[in-house]
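Chemist: Structure in structure tokens, see below.
The values are calculated or read from the model by the stated rules, or taken from the named source; none is laboratory data. Keep in mind that what you see is a predicted model, and the values were worked out from it rather than measured. All Cβ positions, glycine included, derive from the backbone under ideal geometry; neighbour counts span all protein chains shown. With ligands, DNA and RNA removed, areas are computed over all heavy atoms of the protein, side chains included. Shrake-Rupley method; radii C 1.70, N 1.55, O 1.52, S 1.80 Å.
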Amino acid sequence: MVSRRNLLKNASVAALACAARDAFALPTSFDPFLASSLDPVGAIDHTRLVKIAIGTGGHGHCFPGATMPFGAVQLSPDTGVRDWDHCSGYHFDDKAILGFSHTHLSGTGCIDMLDFLLMPATDDFHFDPHAAVDSAASYRAHFSHTDEVAEPGYYSVALQESKVKAELTATERVGVHKYTFPASQKSCFLLDLMHVGINLPDPQNPAAGPPPIKWSSLKVIGNDTIVGGRSTDVWGLGRQIYFSMKFSKPFASIDVYSDGKQVSSSSGELRGTALRAVLHFATHENEVVFVKTGISGVDVEGATANLQAEVPGWDFDGVRSAAHAAWARELGRINIPSGDQKYREIFYTGLYHMMVAPTLFDDVTGKYRGMDGKVHTLPAGAHNFSTFSLWDTYRAAHPMYTLILGERVPEFVNCLIRMANESPVGVPVWPLQGTETGCMVGDHSAPVIAEAIAKGFKGIDAKAAYAPWRKRELVDDYRGLAAYRKYGYVPCDMQDESASKTLDYCYDDHAIAVLANAAGESADAAVLTKNSKNFLNLYDKESGFIRPRYSDGHWAGKPFNPKGINITGKWRDYTEANAWQTTFCVQHDPHALIEMLGGNAAFIAKLDQLYNQSSEMPPDMPPDVSGMVGQYSHGNEPCHHVAYLYNFAGAPHKTQQRVRSLMETQYDNKPDGMAGNEDCGQMSAWFVISALGFYAVDPVSAKYDFGTPLFDHVEVTVAKGRKLIIQAKRESPSAIYIQSVTWNGSTINGLAVEHAELSKGGTLVFHLGDKPAAL
């Protein structure tokens, strides 16, 4: 059970094609997902180019609410929790809001979080304490997109039945609410600790899972404060989260329900698996009630400390302004002064989404809940993070962090190393708030760490980094690794998704070899480098594809269908992919891949075939395999480097042509403007880095491979505040083909540039023509 979709009941039907993009377009006269009423910070305010609606429709799985860069709190509306397209709790097609919860996942393929739902109401409130989460009987309020405003760090919406205006903002660990009520003697808030994302079983494996709420607690303090917490078994099993919630207006009375029955709140802490509370008070016309909620992964005391430290008063506008300023600073690391408005909106929204995750997961006291479930204290100045979608983000998001957010790279890497040492299951795969989801194949925390070391980031202990990853790759029997070392591939009769696991382990071997060399373990590095060639053992010359293979050596599937995902008839043999896509999943050794496929001419022909095939898929293909161009799937991450492989076979013009086409066709500035789900910033990161004119086919190589720049002039702030200027000098406005590239006035020989050069700052100039040139 390693793929994202194996947990979801409705995955098989979620692959329905989305409606035409224009159906999701916001009114041209007023765009609530772009409007910003705040004054700009400094000369240029890039938040005005962030169109947060992008990715909230289609299958983008993004949320529109308020958060800080890499913040612990994501305060956002929830419109549903029961299916794949509600992984973030919100979908643009919905017409009603269930409430506003404090934690959300950004663009993932699994649902979780959605903690501590709060919903205001007035005379329209009809509460059924027995109603199931997101059932027809549960309370909700209708809304219109014309009444929504979403900008970095702020969200607002008008709730139609209650006539309440909701406004949300956040600090790193605190969500701040502002509700403007009408006159009513029946104003109230619903606080729902039952509200949770519901990951139902795979329809092919419908065994009932555990109840989503393991325990929850609630305690009323005085007439203006509620504290509590809960533990959930949804995606992250046993995840713990706590809150401290304070109201600016005392509540006149409170009704608390456990399992649908009203219980007394005066006896101290209440515990149960189905807790809800209704807080009653009266309001006059346009009365404002503020709510502030600190969260913590440690305990209620930590949540209270976070609340008191970050939001001591009731200055909503001050918190909003601080959040806006933080986003303006981060987005201002890249300045694109001119260019097509649509692409600038896609670019800056992508840059925004790249900084929504990973998420902070520690308290102001320095305490955090580790992967062992225990509470630890951080070294001075260190931070703990969560929500690492590593199978996705190692490809482009983390390379972008090394370029523009270098100060965060060591703290991300050291966090992953701590996780590896604390976790009872070893190195992190997809860590979520002190739990290991184990989602996806491979161990792609390794390339994130190896890339940082290869690029020379300081403050990372190479020996400490190497030890747990050595154990995983050279010792552990983990998801077929023992068989991989024995046979030189993962046999398809011993493991599901064996073909994809083999290729992912090959790349991890390559990355861990870099760690081994940095740790002075050259003998291990040689073994790992040799093992990184194991993809050759799954290449079937007769079919021309990477193909599942049994432990006795014979090939699976007769006849072989390269578009299929279940070749053995036993289980899926590829991870969210088929042979067409997986055959090109060799990032670390493109030259060996090209030789394997018969040399440059044969490789180019095969790659052309990938894009020119029909996009027909078998019915059991997961919905992640989307954004199809032939059998190339831009909506899923394993294909993200593929267009750049032409560079290595002597056809760079095909890379330039294909990359530009993908930028133009796979992204839009509309709610359904993503080809696939965002996956914590990776889908956006591909566009952002490709628009600069390059991409890291192998991030561990510490170099960037050339594509074609989208904009004519870009200013990037890199290490120590230095400026990297990227210019495109075109023969005509439509010119995309590289004639030459210069770095600080000197011509670059080849089709790549070193990270070490770009991080110094300087001027990178692409000279572009209307026709391909020999390079």
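Chemist: Determine the sum of side-chain charges near Gly745: Lys and Arg each +1, Asp and Glu each -1, restricted to other residues whose C-beta is under 15 angstrom from that of Gly745.
Modeler: Details: positive: Lys729, Lys760; negative: Glu757.
Cβ neighbours under 15 Å give a net charge of +1.
Chemist: If you fit an axis through the alpha-carbon atoms of helix 316-331 and take the longest principal axis of the Cα set of the chain, what angle between them do you get, 0 to 90°, nearest 10?
Modeler: Roughly 0 degrees between the two axes.
Chemist: Now for a separate question. At a 1.4 Å probe, what is the % contribution of carbon and sulfur to the accessible area of segment 620-775?
Modeler: Details: 2120 of 4510 Å².
Result for segment 620-775: 47 percent of the exposed heavy-atom area is carbon or sulfur.
Chemist: Taking Cα atoms, how many degrees apart are the long axis of helix 409-422 and the longest axis of the chain, rounded to 10 and kept between 0 and 90?
Modeler: Orientation of helix 409-422: about 80 degrees from the principal axis.
Chemist: Let me ask another. At a 1.4 Å probe radius, carbon and sulfur cover how many percent of the accessible area of segment 364-431? Spell out each step's value before the answer.
Modeler: Working: 1070 of 1980 Å².
Within segment 364-431, the accessible surface is 54 percent carbon and sulfur.
Chemist: Let me ask something else. Nearest 20 debye, what's the magnitude of the dipole of the chain about its Cα centre given +1 on Lys and Arg Cβ and -1 on Asp and Glu Cβ? Don't skip to the end; give the middle numbers.
Modeler: Values: 67 positive and 85 negative charges, 222 e Å.
Dipole magnitude for the chain comes out near 1060 debye.
Chemist: Among 451-461, 500-510, 185-195, what's the highest-first ranking by average C-beta atoms within 10 angstrom per residue?
Modeler: Output ranking for 451-461, 500-510, 185-195: 500-510, 185-195, 451-461.
Chemist: Same structure, new question: I'd like to know which of Leu275, Ser216, Met617 lies farthest towards the positive end of the charge dipole of the chain, counting +1 on Cβ of Lys and Arg and -1 on Cβ of Asp and Glu.
Modeler: Met617
Chemist: Filter the cross-link list Lys165/Lys219; Lys165/Lys261; Lys249/Lys292; Lys455/Lys720; Lys563/Lys606 down to pairs whose alpha-carbon distance in this structure exceeds 20 Å.
Modeler: Going by Cα-Cα distance, Lys165/Lys219; Lys165/Lys261 fall outside the 20 Å limit.
Chemist: Based on alpha-carbon centroids, what's the gap between segment 743-768 and segment 644-663 in Å, whole number please?
Modeler: 18 Å
Chemist: Explain nothing, just the number: relative contact order of the chain, from Cα pairs under 8 Å at least 6 residues apart, as a whole percent.
Modeler: Across the chain, relative contact order equals 13 percent.
Chemist: Right, here's the next one. Can you return the aspartates and glutamates within cross-link range of Lys367? Criterion is Cα-Cα under 14 Å, with same-chain partners fewer than 8 residues away left out.
Modeler: Those aspartates and glutamates meeting the cut-off are Asp299, Glu301.
Chemist: For a test of the definition: using alpha carbon positions, the gyration tensor, and the 1.5 limit on a/c, classify segment 317-426 as rounded, prolate or oblate.
Modeler: Numbers: a/c = 2.69, a/b = 1.69, b/c = 1.58.
It is prolate, given that a/c is not under 1.5 and a/b is the larger ratio.
Chemist: Rounded, prolate or oblate: pick one for segment 141-182, where a ≥ b ≥ c are the square roots of the eigenvalues of its C-alpha gyration tensor, a/c under 1.5 means rounded, and failing that, prolate if a/b is larger than b/c, else oblate.
Modeler: Numbers: a/c = 3.11, a/b = 1.62, b/c = 1.92.
It is oblate, given that a/c is not under 1.5 and a/b is not larger than b/c.
Chemist: How large is the accessible surface per residue of segment 329-413, computed with a 1.4 Å probe and reported in Å² as a whole number?
Modeler: I get 27 Å² per residue for segment 329-413.
Chemist: What is the mean projected area of the alpha carbon convex hull for segment 463-608, to one decimal in square nanometres?
Modeler: About 8.7 nm², averaged over all directions.
Chemist: Hey, another quick one. Return the label of the correct value of Cα extents along the principal axes in Å, as calculated from the structure shown, out of (i) 104, 59, 58; (ii) 91, 85, 78; (iii) 78, 58, 50.
Modeler: (iii)
Chemist: Determine, for each peptide in 239-247, 141-149, the mean count of other beta carbons within 10 angstrom over its residues, then list the peptides with the highest first.
Modeler: Details: 239-247: 24.2, 141-149: 17.3.
Ranked from most to least packed, the peptides come out as 239-247, 141-149.
Chemist: A follow-up question, please. With a 1.4 Å probe and all protein chains left in place, how much accessible area per residue does segment 666-743 have, in Å²? Can you show the working numbers first?
Modeler: Numbers: 1920 Å² over 78 residues.
Result: 25 Å² of accessible area for each residue.
Chemist: Angle, helix 300-310 long axis vs. longest principal axis of the chain, Cα atoms, 0 to 90°, nearest 10?
Modeler: Approximately 90 degrees, to the nearest ten.
Chemist: With each run of n ≥ 4 DSSP H residues scored as -39500 (n - 2.57), what mean residue ellipticity at 222 nm is computed for the chain after dividing by its residue count and rounding to the nearest 500 deg cm²/dmol?
Modeler: Roughly -7000 deg cm²/dmol at 222 nm, from the helical runs in the chain.
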